[in-house]
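The values are calculated or read from the model by the stated rules, or taken from the named source; none is laboratory data. Note that the structure is predicted; figures quoted are calculated from it, not measured. Quick reminder, even Gly has a Cβ in these numbers, built from the backbone with ideal geometry, and neighbours come from all protein chains shown.
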Amino acid sequence: MKVETFALRREQQTATGPEIGAETSHVRTVQSPAGAPPQLAAYLRRWLALNRRGLRAVLIGAISLALFLLAWHLLTENRVVFFIRFTNVPSPSAVYESLTRAMQDSTFFTHVVLSCRRILFGFSLAALIAVPLGLVMGRFRVAHEILFPVMEVLRPIPAIAWVPMAIMLWPTNEQSIIYITFLGSFFPILVNTLHGMSLVDPVLVRAAQCLGAREVSIFREVYFPASLPHIFTGLTVGMGVAWVSLIAAEMISGQFGIGYFTWEAYSLVQYADIALGMICIGVLGLGSSALIRGLGRLVMPWNRT
Amino acid sequence: MNIMTPTPPSKGRVDVDNFALSYDTLEGPVEAVSNASIHVNPGEFVSIVGPSGCGKSTLLNAVAGFLKPTRGGVTVDGEPIDGPGADRGMVFQQYSLFPWKTVKGNVEFGLKMKHLDKSSRDRAARTLLGLAGLTAFENKYPDSLSGGMKQRVGIVRALATGPKVLLLDEPFGALDAQTRVIMQQILTNMWQRLKISVLFVTHDIDEAIFLSDRVYCMTARPGSIKAEITIPLERPRHQSMMMSSEFLGLRRGLMSLIREESIKAMGGELNDLALDGLSIDLHGQSLADVL
Ligand SMILES: Nc1ncnc2c1ncn2[C@@H]1O[C@H](COP(=O)(O)OP(=O)(O)O)[C@@H](O)[C@H]1O
Ligand SMILES: [Mg+2]
């Protein structure tokens, strides 16, 4: 036995030896000519070299945004009419003023907080139902056969088309709005979970079975983590659709919320507030997507993208 | 079939008797294996070689419990096989590591299924990872490993549950030649330490001879056993033995057996022309005995 371990170790050494040698000599040639350089400067230079692409993207992105603002400013200040009319469109500075006014006003915050709460309830409910349902439908043929036809009939109906029905179904306005938000995100999450389940590598299931895993463990340890990347795709898409549905529902039947705020601004001829509401919706949508992405990275440390 | 010797103390005897398996397809049943009998004694290293498509994987998957034989029986220590289980560890060509688990998490998986507590799982995994030279990588995810490392993890993971038999389906087929040699050495080392039965499928003749106590050679599809060759090379084996006349004799014999079957597998027309150039030269005496 001694002899064998020795043989094994020697094999490994010959395998890794040349690599290590090459690496150390490489490092030496980089550092020796510089003598004792200022460490920080060298580090910064290398960081710049490695992140050149990212920096370029940030720079161009900033310029592009500035140009957009400039175009907006020029079009509105000069009240351009060229088929579309900028006569009543608020200028960036007017929107900024509107923002500072809204910051001192608690009702604006109420609108934002209420919208966020509706998203939180509607979206969370959708995730909590659609993910397990997708997992079960993906694993058990009977569940798929029973539920899939109903899903396929309901899926093409846009959440907004549910508004009148939702008002009839639910006792309060608040509940029907949350229901609309729920519907909007439900199907993207379900469809992506199902897709993820259909792509699970059967060899991994076999590997788990050979290691003594039974049905429940295979479900928890193989199917669920294997589908997670697609589940998170579904959550990201679902979050986008949830906002779309929420804003539409708020504009039609709401009493509060950022969608209602935007629509009300139009009725009250507060044109700057329309743009403020729109920008606010955009920022909230962006933020919630980023939140989902961050959560995904936290939950799937193996999925380096 | 009837064992005259008393049953040996260690476990892991595999008996495949008059095995046949057909796949159901739209064109009717496709017979993958027509008649194969294979035996692995406890602690023995047995290989199956044969041309591609002859039914090697089919046979191995039946022992693993993924496929039911159409005819014949498969038993491990006399027990008929009923589905996959942890008593038969399996190593796949595509590695099949769980990408969402670290190296250590992969190795611990089988022990977790056995409801072992965390600290004993940890200890067992560390010991095995140390044996395979993987200690430095225990917290890495499989995606960041080379093919050779992945397969070392695959082997260690299969061994962690303490199976009676280790089944390997062309485990080194995707590796480069140098890595393959190292992997063969590592597998031999672990096999001798753990005293486990091994059933090893490969199409690499050198690999089969170098690793095995016995080699079964299969015919073209529908597969059956064409020959059984005992490898008399002493252990521990060394790379240098591959140059010995004994090894080369065995190699020549096996090569001609396989080539014949490969030509059959590629279509009969080749036969007359191609076989002319093949002299079945039996320098290996043990091979002559079998034939
Ligand atoms: N699921 C299947 N359905 C139909 N035919 C199959 C199936 N799996 C394998 N076969 C056929 O059975 C034969 C043996 O396959 P396999 O055991 O994978 O061969 P090997 O591993 O020796 O290359 C092949 O000819 C293959 O085409
Ligand atoms: Mg195969």
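Some notes on this structure:
- Condition check for A:ALA275: more than 14 Å from chain B (Cβ to nearest Cβ), more than 20 Å from A:ILE119 (Cβ to Cβ) and of a type in the set (Gly, Ala, Ser): yes
- The residues of segment B:71-99 that are aromatic (Phe, Trp, Tyr) and farther than 16 Å from B:MET113 by Cβ, listed by number, are B:PHE92, B:TYR95.
- All of (1) facing chain A (nearest Cβ under 10 Å); (2) acidic (Asp, Glu); (3) over 26 Å from B:VAL215 (Cβ atoms) hold for B:ASP122 with one exception: (1).
- Screening segment B:152-174 for residues that are away from chain A (no Cβ under 11 Å) and within 16 Å of ligand 2 (Cβ to nearest atom) and picking the one that is farthest from the chain's Cα centre (by Cα) gives B:ALA174.
- Scan of segment B:175-207 for residues that are within 26 Å of B:GLY162 (Cβ to Cβ) and away from chain A (no Cβ under 14 Å), ordered by number: B:ILE196, B:SER197, B:VAL198, B:PHE200, B:VAL201, B:THR202, B:GLU207
Results for (1) of a type in the set (A, V, I, L, M, F, W, C); (2) within 16 Å of ligand 2 (Cβ to nearest atom); (3) part of a strand (DSSP E or B); (4) at pLDDT 95 or above, shown as yes or no for each residue.
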residue	(1), (2), (3), (4)
B:ASN2	no, no, no, no
B:THR7	no, no, no, no
B:ASP17	no, no, yes, yes
B:HIS39	no, no, yes, yes
B:VAL46	yes, no, yes, yes
B:CYS54	yes, yes, no, no
B:LEU59	yes, yes, no, yes
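So that you can scan it fast, the table gives a plain yes or no per residue for (1) within 16 Å of ligand 1 (Cβ to nearest atom); (2) in contact with an Asp or Glu (Cβ under 7 Å, 6 or more places away or on another chain); (3) in a loop (DSSP other than H, G, I, E, B):
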| residue | (1), (2), (3) |
| --- | --- |
| B:ASP206 | no, no, no |
| B:CYS217 | yes, no, no |
| B:ARG221 | yes, no, yes |
| B:SER224 | yes, no, no |
| B:GLU234 | no, no, yes |
| B:MET242 | no, yes, no |
| B:LYS264 | yes, no, no |
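- Within segment A:79-96, the set of residues being of a type in the set (A, V, I, L, M) and closer than 15 Å to A:VAL269 by Cα comprises A:VAL89, A:ALA94, A:VAL95.
- Number of the condition not met by B:PRO84 [criteria: (1) within 11 Å of another protein chain (Cβ to nearest Cβ); (2) within 16 Å of ligand 2 (Cβ to nearest atom)]: (2)
- Segment B:57-68: number of residues that are more than 10 Å from ligand 1 (Cβ to nearest atom) and touching a residue at least 60 places away in the same chain (Cβ under 8 Å): 2
- The number of residues in segment B:151-164 that are farther than 19 Å from B:GLN184 by Cβ and hydrophobic (A, V, I, L, M, F, W, C) comes to 1.
- Residue satisfying all of: in segment B:182-204; assigned to a loop (DSSP other than H, G, I, E, B) and away from ligand 2 (no atom under 16 Å from the Cβ); surrounded by the fewest Cβ atoms within 10 Å (Cβ to Cβ) among these: B:LYS195
- Of the residues contained in segment A:236-247, none is found to be within 14 Å of another protein chain (Cβ to nearest Cβ) and either within 26 Å of the chain's Cα centre (by Cα) or touching a residue at least 12 places away in the same chain (Cβ under 8 Å) (or both).
- B:VAL76 falls short of the stated requirement of being among the β-branched types (Val, Ile, Thr), within 16 Å of ligand 2 (Cβ to nearest atom), touching a strand residue (DSSP E or B) at 6+ places or on another chain (Cβ under 7 Å) and more than 24 Å from B:GLY148 (Cα to Cα).
- Of the residues making up segment B:32-56, those that are near ligand 1 (Cβ under 8 Å from one of its atoms) and surrounded by fewer than 21 Cβ atoms within 10 Å (Cβ to Cβ) number 2.
- Candidates in segment B:23-80 are the residues that are more than 17 Å from the chain's Cα centre (by Cα) and at positive phi; of these, the one that is nearest to the other protein chains (Cβ to nearest Cβ) is B:ASP77.
- Among the residues of segment A:271-283, the ones that are out of contact with any Pro (no Cβ under 8 Å at 6 or more places or on another chain) and buried (at least 18 other Cβ atoms within 10 Å of the Cβ) come to 5 in all.
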